[in-house]
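K.L.:
First, the structure itself, so that you have it in front of you.
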Amino acid sequence: GGTAKVLTTLDTTTQQTSHRWPHFLPDGHHFLYYASSTVIGAPAEENAVYVATLDMKLNKPLLRTSGNVAYAPGYILFMTGSTLRAQKFDESDMELKGDPITIADTVLNDAGFSLAAFSVSLNGVLIYQTGTAQSGAQMRVMDQSGKEIGRVGEIAEHFCPRISPDGRQVLVSVFDPKSKADNMWIYDMVRGVRTRLTSTRFYDWNPVWSPDGSRIVFDRYGPEGPGNLYLMYTARTGSEEALWVSEPPKVPTDWSSDGKFVAFTQYTEGAGGDMCKRRRCPPHQQ
């Protein structure tokens, strides 16, 4: 029962983008939560676990880490890379004491979600899973009957795949668990090789091919804000240039057959989005 209320607010001074994995302390009034600041290029050291109260009279960083934590009697358990550690915790002043100790190595840790596979009960019983996270899937090529006729690339977190106009290449956004960024790649289905197009700590999504396959348009969630349109030549790695940087967010969806127009969805507050087009595509240059 009751009405839900907001407990935390993103800190824009440290470029926080997510609060997640809340965990109550035994008194039912204090809780821990993880604050992430990495998805738009902020330094990794800004990632931290905070201790707060339901009345929000207390809200302070407790521990620099990269994911979920758990409370055990007198200790806080947390991850350093793939290593599970514990450090003494003084509940009287909500402070960590002493040095951390190692509990287990090679604990399963999904960097994409900042979530490790461990849990601990209030009587101190710990359960955890070892291994290496291998999230994502492999792209597969199917014929019209639904029969698999090939596979593309390796197992990874692929987003928004687009087949080139000549049917020989696949353009896709791939998540990098180390940088926590999505960058653009091209997979050559004939030669079995791949080429990286962008190398940033941002989110590059929703690629669209030009009719001749020489260029792409995609949207980037970066320091200028979410959903800005960028253009680049597929034969020139790192050649991206801003096509349209403005509010509100935009998602490219198609490129006209004559090469003159790019169609995209523009999202507005309180509406599902407006279909728009913008004549900003430069002529093809050899």
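K.L.:
Collect residues whose amide H, placed 1.01 Å from N in the peptide plane, falls under 5 Å from the amide H of Ser37; neighbours closer than 5 in sequence don't count.
P.N.:
Here Thr17, Asn47 satisfy the definition.
K.L.:
Using the C-alpha atoms of the chain, what convex hull volume per residue, in cubic angstrom, is computed?
P.N.:
193 Å³
K.L.:
Which three semi-axes in whole Å describe the equivalent ellipsoid of the range 65-151, each the square root of 5 times a Cα gyration tensor eigenvalue, listed largest first?
P.N.:
40, 11, 11
K.L.:
Taking amide H positions as placed 1.01 Å from N in the peptide plane, with prolines and chain starts having none, which residues 5 or more places from Ser246, or on another chain, fall under 5 Å of its amide H?
P.N.:
Hits under the 5 Å cutoff: Leu229.
K.L.:
Can you give the accessible area of Ser214 in Å² (nearest 10), computed on protein heavy atoms with a 1.4 Å probe?
P.N.:
We get 20 Å² for Ser214.
K.L.:
Computed on alpha carbon atoms, what radius of gyration and Dmax characterise the range 1-155, expressed in Å?
P.N.:
Considering the range 1-155 through its Cα atoms, Rg and Dmax are 19.1, 66 Å.
K.L.:
If you count only protein heavy atoms and use a 1.4 Å probe, how large is the accessible surface of Phe159, to the nearest 10 Å²?
P.N.:
Phe159 has an accessible surface of roughly 80 Å² with all protein chains in place.
K.L.:
Leaving out ligands, DNA and RNA, and with a 1.4 Å probe, what % of the accessible surface on the range 107-178 is carbon or sulfur?
P.N.:
It is 53 percent, rounded to a whole number.
K.L.:
Continuing with this model, one more query. I need the fraction of alpha carbon pairs in the range 140-185 separated by more than 11 Å, rounded to a whole percent.
P.N.:
Counting every Cα pair in the range 140-185, those more than 11 Å apart make up 72 percent.
K.L.:
Would you list, by chain and number, the lysines whose Cα falls below 30 Å from the Cα of Lys57, excluding same-chain residues fewer than 8 positions away?
P.N.:
Lys5, Lys88, Lys97
K.L.:
Per-residue accessible area for Trp21 at 1.4 Å probe radius, Å² rounded to 10?
P.N.:
Around 80 Å² of this residue is reachable by solvent.
The values are calculated or read from the model by the stated rules, or taken from the named source; none is laboratory data. Quick caveat: nothing in here was measured; it's all calculated off a predicted structure. Only protein heavy atoms, including side chains, enter the accessible area calculation; ligands, DNA and RNA are left aside. Shrake-Rupley method; radii C 1.70, N 1.55, O 1.52, S 1.80 Å.
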